[in-house]
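First up is the structure itself, then whatever we jot down about it.
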Amino acid sequence: MSNLATPTDATVGSEAAAPIVRMIGIEKNFNGVEVLKGVNLDIRPGEVHVLLGENGAGKSTLMKILTGIHTPSGGSIEIDGQAFAHVTPRQASEAGISIIYQELSVINELSALENLFVGRLPVKRTLGVATVDWSLMEREARAIVGRLGFEADLHQPVGQMPIAHRQIIEIAKSLMKNVRLLIMDEPTSSLTKVETERLFALVRQLKAEGTAILFISHKLDEVRDIGDTFSVLKDGVSTGHGRIVDYTNDDLVRMMVGRVVKQRFLAEAPIDRSQPPVLKVEHVTSADRKRVRDVCFEVHHGEVLGFAGLVGSGRTDLMDCLFGATGRASGEIVLNGANITPGNPVDAVKSGMAYLTENRRQTGFTPNFSIEGNIAVAKSVKDSPLRGIWGLVDRKADRVLAAAQQQQLSIRCASVEQSILELSGGNQQKVLVGKWMATDPSVIIFDEPTRGIDVGAKSQIHEIIRTLANAGKAVIMVSSELPEILAVCDRVAVFRDGRIMDILDGATATEESILSVAMRDGK
């Protein structure tokens with residue numbers, strides 16, 4: 001095992017090229033709280049520099065300082081050798097610094113083509129009248145999305161596209177500018193393995209052209225695949241930097257979290273499939289008869305059943321059908337021996353189901369609620385005959401409930417009255433877990449449970465999932481990350497074109513065997 005890097009290491013990256021950007025001794029205080037403490041960062045052309053750290057380590061704050069959103073409390077920034085006490089968004093843009101945020105900024109109501117040109121529509125004059133030059137937009141857009149291997153309809157509203165396609169539009173929008181330093185914050189969080197490989201091919205092409213890439217990711221395997229150098233932040237302090245090839249994943253994790261992180265979460269006892277299943281799904285078909293087709297499966301007490309498959313295969317559509325969020329053409333859902341077949345999510349909750357959706361910001365938490373409000377809302381819906389109408393809620397009981405979940409799940413917050421928007425992604429996800437645990441469900445669906453959260457929080461979420469299963473719950477987990485599927489799941493249902501192609505034993509399944517089934521021709 002190699003020695004851990006320290007912030008004083010001198011030989012980092014390609015010393016032959018001068019940095020495009022140097023951040024020197026950067027400090028940032030918010031209301032007297034130190035968020036960044038003397039951070040140094042050099043970014044060179046033709047290099048993929050990976051920025052690592054847990055949620056809350058200061059990565060986002062550092063990037064917002066670099067792009068002019070925040071003003072540093074101390075330190076300086078050099079761009080092409082010119083020193084600034086702080087940079088403005090305009091200065092950053094003029095210097096060719098562009099960022100792709102994890103929380104996408106696409107406008108769902110506009111088409112993909114319109115999103116690519118927001119704020120800079122090209123204009124032509126016809127008979128003296130200024131009109132939008134749609135043909136020029138089409139040509140330029142086709143050229144850039146072609147580099148990404150993107151084949152979707154550019155005239156389709158972005159809101160109707162899968163999250164993976166929306167993320168590709170965000171990437172394409174950034175690349176259409178004259179970018180010299182491209183900052184990518186969790187760019188693969190919604191991409192399949194094939195789409196990730198396409199993105200990495202583009203990153204390597206940009207790198208060969210001399211573009212600097214600052215890559216933020218919690219996926220250490222892809223960090224190792226695409227990165228050249230790295231810097232680690234922990235609690236606002238630089239804890240290491242160096243060349244990625246010189247360090248193991250365990251080294252990187254210890255720099256980030258200060259401990260070895262558990263990787264496998266196996267069942268405490270063999271799953272007893274001789275007993276009746278907790279959940280039995282029989283011949284479920286979606287209302288359109290395309291996205292979900294004649295799906296049957298069972299989940300037993302103490303079991304984690306994983307759903308793997310390519311983006312667009314219909315896994316989330318199936319979960320929406322099971323939870324009553326979308327309509328069904330046919331099929332039955334049997335829970336604890338009773339046919340529940342929910343007509344809407346309220347029916348599902350009252351019947352003993354819970355569902356952590358893949359997009360926690362859009363369909364997971366209520367942004368104008370506190371932590372307490374978000375944790376208590378589902379139990380209010382389940383317990384109240386009037387579905388939790390405001391005014392019938394017991395605020396004292398809600399506070400006790402929220403405090404218990406906060407302690408049990410180790411949610412890092414000032415108090416349960418704090419806004420959920422002030423929490424890191426990992427802690428927001430724990431709040432959603434607490435919301436559903438408070439309803440004491442028999443079946444819990446986790447759809448992409450660790451998307452966009454750090455390795456430490458990811459391990460904690462995996463531990464929670466296994467703890468729930470060990471307590472007798474039936475758990476369904478949808479994930480596009482095959483290592484995550486293999487680390488947690490007892491069986492793996494492989495989905496393709498709206499159907500289960502096969503169910504594999506989690507103990508013997510491999511990434512290769514799952515992908516082989518996922519790419520198999522339909523039956």
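The values are calculated or read from the model by the stated rules, or taken from the named source; none is laboratory data. Only a predicted model underlies this, so the values are computations on that prediction, with no experimental measurement involved. Note that each Cβ is placed from the backbone with ideal geometry, even for glycine, and that neighbours are counted across all protein chains shown.
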Within segment 137-148, can one find any residue that is farther than 15 Å from ASN115 by Cα and in contact (Cβ under 8 Å) with a residue 12 or more places away in the chain? yes
State yes or no: is ARG139 closer than 22 Å to LYS193 by Cα, of a type outside the set (Ser, Thr, Tyr) and either at pLDDT below 85 or not in a loop (DSSP other than H, G, I, E, B) (or both)? no
Take the residues of segment 502-517 that are of a type outside the set (A, V, I, L, M) and in contact with a strand residue (DSSP E or B) (Cβ under 7 Å, 6 or more places away or on another chain): which is surrounded by the fewest Cβ atoms within 10 Å (Cβ to Cβ)? ASP505
Just give me the residues in segment 44-77 being over 25 Å from the mean Cα position of the chain (by Cα) and surrounded by 17 or more Cβ atoms within 10 Å (Cβ to Cβ), in sequence order. ARG44, PRO45, GLY46, PRO72, GLY75, ILE77
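Results for (1) buried (at least 18 other Cβ atoms within 10 Å of the Cβ); (2) in contact with a strand residue (DSSP E or B) (Cβ under 6 Å, 6 or more places away or on another chain); (3) without any contact (Cβ under 8 Å) to a residue 60 or more places away in the chain; (4) assigned to a strand (DSSP E or B), shown as yes or no for each residue.
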site: VAL349; (1), (2), (3), (4): yes, no, no, no
site: ALA378; (1), (2), (3), (4): yes, no, no, no
site: LEU401; (1), (2), (3), (4): yes, no, yes, no
site: SER410; (1), (2), (3), (4): no, no, yes, no
Among GLN275, GLN263, the single one that is of a type outside the set (Lys, Arg), within 30 Å of ASP505 (Cβ to Cβ) and at pLDDT 90 or above is GLN275
Test GLY306 against the criterion of being at negative phi, of a type in the set (Gly, Ala, Ser), surrounded by 23 or more Cβ atoms within 10 Å (Cβ to Cβ) and modelled with pLDDT of 90 or more, and give yes or no. yes
In a strand (DSSP E or B), among the basic types (Lys, Arg) and at pLDDT 85 or above: is that true of LYS37 in this structure? yes
Take segment 82-136 and flag every residue that is among the small types (Gly, Ala, Ser), outside any loop (DSSP other than H, G, I, E, B) and without any contact (Cβ under 8 Å) to a residue 24 or more places away in the chain. ALA83, ALA130, SER135
Restricting to segment 209-219, name every residue that is surrounded by fewer than 21 Cβ atoms within 10 Å (Cβ to Cβ) and either among the charged types (D, E, K, R) or not in a loop (DSSP other than H, G, I, E, B) (or both). GLU209, LYS219
Can you tell me which residues in segment 54-77 are polar (S, T, N, Q) and under 18 Å from SER424 (Cα atoms)? ASN55, SER60, THR61
Among the residues of segment 419-475, which ones are polar (S, T, N, Q) and either over 30 Å from ALA338 (Cβ atoms) or assigned to a loop (DSSP other than H, G, I, E, B) (or both)? SER419, SER424, ASN427, GLN428, GLN429, THR439, SER442, THR450, SER459, GLN460
Being under 26 Å from GLU282 (Cα atoms) and free of Cβ contacts under 8 Å to residues at least 12 places away in the same chain is the requirement here; does SER516 meet it? yes
